[in-house]
Every structure is written in structure tokens, then in C-alpha cells.
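What follows is a short report on a single structure.
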Amino acid sequence: MGRALLGSEGVDPEELFDRGRALRDATPAKSHDHDAAGSGRPDALDFVETSNSGRLPELIDLRLERMTASPFAFFRGAAGLMAADLAGTPSSGLNAQLCGDAHAANFGLYGTPDGQIVMDINDFDETVPGPWEWDLKRLAASLVLAGREGGVGESRCAEAAEDAVKSYRRTIRGLAGLPYLRSWNALPDASVLSKVKAHDLIDDFEEAAEKARKNTSAKVAAKWTRRIDDHTTGMKRNRFVEDPPVLRHVDDAVAEAVFGGLVTYVDTLRSSRRNLITRYRVSDVAFRVVGTGSVGLRSYVVLLHGNEDEDLVLQVKEARPSALAPFLDIPAREHEGERIVEGARLVQAETDILLGWTTIGGRPFIVRQFRNLKGDIDPSALNAGHLDDYGRLAGALLARAHTRSLHPQLLAGYFDDDDDLDEAIGRFAVRYADQTEADHAKLVAARS
């Protein structure tokens, strides 16, 4: 019998597998086919109003406009509402570091430090430890909503949700059988498409990857900035061009506060990257609206210059407490930006080398590269066959992400000889999509 290192979970694999199997007996697959609306859920309109608290008042109407665009858009801005619905629902008792908002549009392409394009979860605003089932159920429901928005038939939407769960299970079992070093770094690149039989997505992936390769700070700077005479210094410099309300200038006090935040941000980077970022000089700061759920938060883009004509654009985005936190028994975090960064570093196969956190005006923020080598496949624009493949791809990526914090052999034991979970969560996903459509209709009616 080997000894565990440093008190870690270095337990015999068979013992872990048996533990997972015992948990399945206590919480069988059929228990995940439960009601959509939780007993403690708030009214949908009350939820939206509460979620607007603390946001910039002048942007709340824009946030509501984006949430009313479609049921899928509403869903994307309502992670906290789904957390209220999932609170108290059956759980295996196994917790992972959750994405917290694992809907289908939060899987994207981005570049590694060496320029390789990979695909992974790309949003961690809500990341917290919690039941793995919450992420998987959110993914499944989002596939139904995305498919409906794209005109996919109802049976094929349900099939995409079920196949995401099936891919999640199979990927967990596959990772459980690999050497730990291999399973830790599995699946991020294009090879995952063949591994999960998502062959119809190859062209979509390559097209998105090609766009991602062209999506650089230099491209952002060329599109959003122009060269002006700086009367203060007597020199020319680039400055953002306003495009209100999405992109607008900030006053000197705000720009100075953001610059001060960047100075302290440097210390949150891994030590090997601190010398890198300090070689750049700041040229301009602007406010920029982002996302759907994030509209109304304080979010800035910062233009920096490096060697010769090199441009670097950073995003400095306000970090709020996770919308899932009120429904989970977890301690409050001292800094919400640090929570997000730690979650991303744990879950992603490759993390932005300039990802860090800071405090500006007493508020927590995260800092990261803006759009650099980033791309996406829009799930609501896929046909039935491609949506099904996308579900399998996202299910596999979510499984790999969860095994960074949850031992795959525990989950493999829970899934042993059991394929009922696919249909159980698939039925819940359809039911939850119906509930979201009703919530969305209520918001649309209230604004009409």
C-alpha cells in the first residue's frame, strides 16, 4: 500500500471507484430528472431587478435589452436564477471547481503562449466549488435553448443535451484510465473533435481557429484607436475612438485609478511574467461594455505599447461575488478577482499568461488580455447535426475541466454501468428550457 503525498488524495484507484459507485446507489441517475423550478426560486422579474443592484444605472436598460433578445440570451444573464432552482436538488455529494456558468456559448477558442489554438471553458465570473451536476445541467439546458433559437427541431435539441451528458460520462471514464499526467493535460486542441466523434464540427472549428489567429491586440488597436497629438507631452500617441454607449473615454481621475490598479496587478502574476508586463507603457484607458450578464459592471480596456509598433490591449473588468455563492455552503472570499483567477488557473488547460487581479476604487477587478487569439463557435447558429457534435465537444471539455479538482475515478465509479443519466438530465434540460422561455416572456411583457 502506497502512502499519499502531503496528505493528498493518493488513494488506491479501486477504492476511489468503489466510493463513487456507493454514491450512485444513494443518488441514482433517475433522481436528476427533477422539476425545473426550485421551491425557493425568486420571481423572475424580482431576480432581474436584484441582479441589477450595484451596476452602473445608465447601462441597466442596455442589459435588459440584451436579455430580452431571446430566451437563450435571458438564460445567459441568469446564472443566479438557475442556481436558486438547483439548490437542494439531488446531488452525488461530489464537488468540483465549477465554471458556474457553463452554458454552451461559454466555450471558446483562445491561444496558448506558443500560439497554438485550443478550445476550453472561457468564462469564470461565477466559478466556485460546488456539485458537478450544476455545470452539466446548465450546459444541457443551454443546448436546448441554443438549438431552439437556431430553428433545430425539438427532438434534435433534446438529443444534443443527452449527448453532452453521454460525452461527459465517457470522457470521465476515459480520463480515469489514463496516467495522471496525461489526463491532466488532455483534450484542449483540435484532436478532441475526433476523440468525441464531432467530425461535423471540423470545418466550424477550423474557421473559428483561423479567425482567432487574426484576432490580435494589433487588430483591436487598428480598429478602435487613432493617432493623435498629445498636447500635454508634445508627442503623438494612440487613443481609443469613442463608440457610445459600448466604448467611451474616461476622465483623468478614472484613468489614473486604473493605472494605479495595473501597478498592483503586476504582483498577482506568476513571477516569470512580471518582468514581461512591466516592459509595456500605458497609452490610453477607455470604458467598454461587455457581454450580457456583465453589462453594467465597470469594465475598461487599456492600450499599452511595447517594442516598436507593438500594441497590447488589456481588459480590466469588475469582479462581483459569484451568483452561485448564496446557494452553496462556502466561505466568503476576501477578493472576488482572486477567486476568478484561481478558478481559471485550476480549471483551464492553458490560462492567459497575463491573467491577474487588482483593486480599483475599493472594488475588485480581474485583468487579462482582451480578445487576443480568441474565437468562438456560435451554438445558436448550428444545424441539428452540428449542434449534436457541439454538445459532445462541450461535454468532453467540461469533464476534463472538472477532473482538475475532482478525481476522475470517483466520478467514473458513480457512472459505472449507468447510461440512464443521459436521458434523466436531457428531460430536465427540456423542462428547464421551457421554464426559461416563460421567464423570458415575463421580462419581455414587463418591458413592452
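Among the candidates Ala190, Ala161, the residue that is in a helix (DSSP H, G or I) and either within 19 Å of the chain's Cα centre (by Cα) or at pLDDT below 90 (or both) is uniquely Ala161.
The residue that is surrounded by the most Cβ atoms within 10 Å (Cβ to Cβ), counting only those in region 124-158 that are more than 17 Å from the chain's Cα centre (by Cα) and part of a loop (DSSP other than H, G, I, E, B), is Val152. For region 369-384, does any single residue satisfy the condition of being in a strand (DSSP E or B) and on the phi < 0 side of the Ramachandran plot? Yes. Here Phe365 meets the list (1) within 20 Å of Ser51 (Cα to Cα); (2) within 15 Å of the chain's Cα centre (by Cα); (3) buried (at least 23 other Cβ atoms within 10 Å of the Cβ) almost entirely, failing just condition (2).
All told, Arg404 meets the bar of being assigned by TED's automatic domain parsing to the domain that holds Asp114, farther than 19 Å from His32 by Cα, at pLDDT below 95 and not in a helix (DSSP H, G or I).
Within region 347-361, being at pLDDT below 95 and either under 18 Å from Gln97 (Cα atoms) or crowded, with 19+ Cβ neighbours inside 10 Å (or both) holds for Val347, Gln348, Ala349, Glu350, Thr351, Asp352. If you go through region 374-404 and keep only what is among the hydrophobic types (A, V, I, L, M, F, W, C) and closer than 14 Å to Ala102 by Cβ, you end up with Leu393, Ala394, Ala396, Leu397, Leu398, Ala399, Ala401. Answer yes if at least one residue in region 81-99 is in the same structural domain as Pro129 (by TED's automatic domain parsing), over 17 Å from Leu324 (Cα atoms), among the small types (Gly, Ala, Ser) and over 21 Å from the mean Cα position of the chain (by Cα), and no otherwise. Looking for residues that are in the same structural domain as Pro129 (by TED's automatic domain parsing), over 17 Å from Leu324 (Cα atoms), among the small types (Gly, Ala, Ser) and over 21 Å from the mean Cα position of the chain (by Cα), one finds at least one in region 81-99, hence yes. Per the listing Leu45, Leu62, the residue uniquely closer than 30 Å to Ala445 by Cα, in a helix (DSSP H, G or I) and either polar (S, T, N, Q) or under 22 Å from the mean Cα position of the chain (by Cα) (or both) is Leu62.
Assess whether Lys137 counts as being under 24 Å from Tyr390 (Cα atoms) and at pLDDT 90 or above. Criteria met by Lys137. Residues of region 71-89 that are part of a loop (DSSP other than H, G, I, E, B) and either surrounded by 19 or more Cβ atoms within 10 Å (Cβ to Cβ) or among the aliphatic types (A, V, I, L, M) (or both): Gly77, Ala78, Ala87. Tell me whether region 26-37 contains one or more residues that are closer than 19 Å to Val295 by Cβ, in the same structural domain as Ala84 (by TED's automatic domain parsing) and out of contact with any strand residue (DSSP E or B) (no Cβ under 8 Å at 6 or more places or on another chain). No, region 26-37 contains no residue that is closer than 19 Å to Val295 by Cβ, in the same structural domain as Ala84 (by TED's automatic domain parsing) and out of contact with any strand residue (DSSP E or B) (no Cβ under 8 Å at 6 or more places or on another chain).
The values are calculated or read from the model by the stated rules, or taken from the named source; none is laboratory data. Keep in mind the model is a prediction, meaning the values are calculated, not measured. Positions of Cβ are backbone-derived with ideal geometry, glycine not excepted, and every protein chain shown enters the neighbour counts.
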